[in-house]
Number of protein chains: 2
Amino acid sequence: MAETRRKPGPRRALTEREIVDAALALLDAGGAEAASIRRIAAAVGVAPNAVYTYFPDKAAVERALVERILEDVQAPAEGDWRPAVEALAIGLRSRLVAHPGAVPLMLGGPMDGPHALRLGELLLDLLAASGLDAASAARASYTLMVYVLGAAALEVADGPPGPLPPEAERIAARHAALGEVPAQAFPRTAAATGVMATWVGTEQFLWGLRRVLDGLEAAAK
Amino acid sequence: MAETRRKPGPRRALTEREIVDAALALLDAGGAEAASIRRIAAAVGVAPNAVYTYFPDKAAVERALVERILEDVQAPAEGDWRPAVEALAIGLRSRLVAHPGAVPLMLGGPMDGPHALRLGELLLDLLAASGLDAASAARASYTLMVYVLGAAALEVADGPPGPLPPEAERIAARHAALGEVPAQAFPRTAAATGVMATWVGTEQFLWGLRRVLDGLEAAAK
DNA sequence: GGGTAACTCTGCACGGCGTACAAGATTGGA
DNA sequence: TCCAATCTTGTACGCCGTGCAGAGTTACCC
């Protein structure tokens, strides 16, 4: 086959990884609008259009960013399917809320990269061991993905931090103290959906997750 | 109280509603990037910055757009809580997938407009009649919102239409024939989550919705 | 009726965005 | 040593959101 002999031309000053890491840092620090091609290029010290040597367009950078985040979602330990699925869901959510700016990117395009596929297959394997038939396991997998991504999206939907009402301030501080949810991810959205702000966050996520799993388990009977 | 006497100045050439309707038409026709302030202004026949007489900034237009869509989500008929909740969820989803470009906007900011609150309260009322205590009803309401919005987001995540693989073409045609999901909303995303493309759409939505409701009903016992 | 203050819309401009194109610099292989 | 491939840069284009000054229009007060 074609061997990997170096091709002519100057050596690359960067790697795709360096670019994605810089983009992720900018995204975490300044939100979506901070992760522009021009600022990413400035962060790694090249001209803006040099980025196009590594990625065909901005959408490709964003896809790589999503993959970069999914990359460090850990597979849960072996064991019963239900705690394993729960652990996987918790792990995925924690990576998402750790990078609030990336959640819209995940929901904004098809998730078909290697790590997305890996997690999808993993989830499917776990559910196949639950007693659900193959078709239902696939549907259950999609249902869970909807829940985890939807929960992360709603948690993150409030955008950059602004003046919060006093009650919200207190809650945001509690979340921050738990070290799980950055303060800017505090969901004002919760008010519109009828749930008291106090409950949102990990607790609310787990409550809903367990109801979903109850429904799936009942279908497996 | 302060009566509504007209203030000095020329009469407005437009209404907020006309602007929002034009924005929605552009959004449906050309996706998110077609709904720019400049193009909205051109569509209604004014200079770009005239829009700022009606809305303080683009985010306000987007919030109004979201409200405009939630506005025609119908309240379900009276009756048992479970079919009513199901009907509400189906109705909300149908409005969302009818305007794919608006889904990222809904997930991109706090949903605290009047119609969002109306739907939240409606859902909460229905769940309060399910046997769940008040706290659980609120959590259940949030959980369902996560499911419905998350499902819409994943369905819509594939972006503007492009060349589809043959299998996908067939499915997209089926969806279009059902008259429910525009062809461009066909979810390639489904592949990554392990569910066969055939199942995605209304059927998949309902399957997952019923599992979630099963879990909630069991909690109500 | 005339003056005034409020209001709406326009022209212009700014800075930022993604990205196309051509030219120069750098490298390996013939 | 030259060639061809490759990378980076300078420059430029068209778009974006939106601030500012000015011109035109209207309702109220005298």
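Each reported figure results from applying straightforward, stated rules to the coordinates on display, with no laboratory input. As the structure is a prediction and not an experimental result, all values here were calculated from the model. Cβ coordinates were reconstructed from backbone atoms using ideal geometry, including for glycine residues, and neighbour counts include every protein chain displayed.
When each copy gets a label point 7 Å from Cα toward the beta-carbon at B:Gly131, what are the spacings between them in nm, shortest first?
Between copies, matching label points for B:Gly131 lie 2.0 nm apart.
Semi-axes of the equivalent ellipsoid for the range B:109-155, please: Cα gyration tensor eigenvalues, times 5, square-rooted, ordered largest first, whole Å.
For the range B:109-155, the semi-axes come out at 20, 14, 8 Å.
Please give the residues of the range B:39-66, grouped as numeric ranges, whose backbone N is less than 12 Å from a label point set 7 Å along the Cα-to-Cβ vector of B:Ala25.
Hits in the range B:39-66 for B:Ala25 at 12 Å: B:40-45.
Taking a cut-off of 18 Å between Cα atoms, list the lysines near A:Lys221, but don't count ones fewer than 8 places away on the same chain.
B:Lys221
How much length would be gained if the chain were fully extended between B:Ala134 and B:Arg38, taking 0.36 nm per residue of separation minus their Cα-Cα distance, in nm to one decimal?
Extra length from B:Ala134 to B:Arg38 when fully extended: 29.9 nm.
Can you pull out the trypsin sites (Lys or Arg not before Pro) in the range B:1-90 whose DSSP state is coil and whose Cβ has at most 16 other Cβ atoms within 10 Å?
Listed in order of number, the matching sites are B:Arg5, B:Arg6, B:Arg11, B:Arg12.
A:Lys58: which lysines have alpha carbons under 28 Å from its alpha carbon, excluding same-chain residues fewer than 8 sequence positions away?
Cross-link targets: A:Lys7, B:Lys58.
So which GluC sites (Glu not before Pro) in the range B:37-82 are both in a DSSP loop and have at most 10 other Cβ atoms within 10 Å of their Cβ?
Of the GluC sites (Glu not before Pro), the ones in loops of the range B:37-82 whose Cβ has at most 10 other Cβ atoms within 10 Å are B:Glu78.
Calculate the dipole size of the range A:16-69 relative to its Cα centre from +1 charges on Lys and Arg beta carbons and -1 charges on Asp and Glu beta carbons; express the result in debye to the nearest 20.
Once rounded to the nearest 20, the dipole reads 100 debye.
Name the nearest-to-axis residue of chain B, judged by Cβ distance to the rotation axis taking chain B onto chain A, and quote that distance in whole Å.
Nearest residue, distance rounded to whole Å: B:Gly150, 1.
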